[in-house]
Amino acid sequence: MPRLRQVSRAAADAKVVQRTYDLLFGDRDPVAEPGTTTGTRGDWWTVFALVPDILEHANRGFALYRSPERKLDPVLRELAQTRVGWAKGSQFVFSQHCKSLRGLGVSEDRIAAVPHWQVADCYSQDERAVLAYADCLALQGGRTPEPVFAALKAFLSDEQILELTYIACLYDMHAVMSRALRTEWDDRDDPIVEVAAPEDFNGRDFLDIGRRPE
């Protein structure tokens, strides 16, 4: 379950929450009867409903990147969003945008190669530039070498690069928030934990490892 409480349909007073619930869940109470058409529980929405104007702001962001006014190729956009989800360790963002790539007709081999794009030969030069830039944004805090940016400018307009940057960073935020709040597929325990030593392990023996013999 997510770390924050969820808003039931009965408690959803704000119109934006009611409209969102109607769109995604029909007449169900998404807390009592969770589930969306993509297979998620839907608790991202019920948690964001805690602050209706934040939910509305997020909804506008979704509408913005899908707008027909966008100049950026949607496949390039989705490659960046999917890679950002993987880079940030958000199973929710990564999984959802794999589905979006599939919906755009992207082949299964290209979807499967997003985690290891650096050694995959299924992407065009332009797609590799976008994936490299997504890594600069998600893994390097925006630190982008000039050759990466020059590769983008070779085929994208300034307007398209701004759209790419904004949308990729928007999904960096969503990935981070989903992990922190443990919503949807990011409701997972951290895999990095101490592995117990054998019962007869002596801590002093560990400290002695590598010590120069007398």
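The values are calculated or read from the model by the stated rules, or taken from the named source; none is laboratory data. This one's a predicted model, so the numbers in the text were calculated from it and none came from an experiment. Virtual Cβ from ideal backbone geometry, glycine too; neighbours counted across all protein chains shown.
Quick notes on this structure:
- Flag if Pro2 is at pLDDT 95 or above and under 17 Å from the mean Cα position of the chain (by Cα): yes
- Scope region 118-135; condition of a type in the set (A, V, I, L, M, F, W, C) and surrounded by fewer than 19 Cβ atoms within 10 Å (Cβ to Cβ); matching residues: Val119, Ala120, Cys122
- Hits in region 26-72 - residues which are part of a loop (DSSP other than H, G, I, E, B), over 15 Å from Pro2 (Cβ atoms) and touching a residue at least 60 places away in the same chain (Cβ under 8 Å): Thr38, Arg70, Lys71, Leu72
- Members of region 169-201 found to be aromatic (Phe, Trp, Tyr) and within 22 Å of Tyr65 (Cα to Cα), listed by number: Tyr171
- Qualifying residue in region 151-161 (condition: under 15 Å from Gly85 (Cα atoms), of a type in the set (A, V, I, L, M, F, W, C) and either out of contact with any strand residue (DSSP E or B) (no Cβ under 9 Å at 6 or more places or on another chain) or touching a residue at least 40 places away in the same chain (Cβ under 8 Å) (or both)): no
- Just so you know, in region 41-74 the residues that are in contact with a helix residue (DSSP H, G or I) (Cβ under 7 Å, 6 or more places away or on another chain) and β-branched (Val, Ile, Thr) include one that is farthest from Asp22 (Cα to Cα), and it is Ile54.
- Residue check, Ser90 in contact (Cβ under 8 Å) with a residue 40 or more places away in the chain, among the hydroxyl-bearing types (Ser, Thr, Tyr) and in the same structural domain as Leu137 (by TED's automatic domain parsing): yes
- Of all residues making up region 171-193, the number that are more than 20 Å from Asp43 (Cβ to Cβ) and buried (at least 17 other Cβ atoms within 10 Å of the Cβ): 1
- Residues that are among the acidic types (Asp, Glu) and part of a helix (DSSP H, G or I), drawn from region 10-25: Asp22
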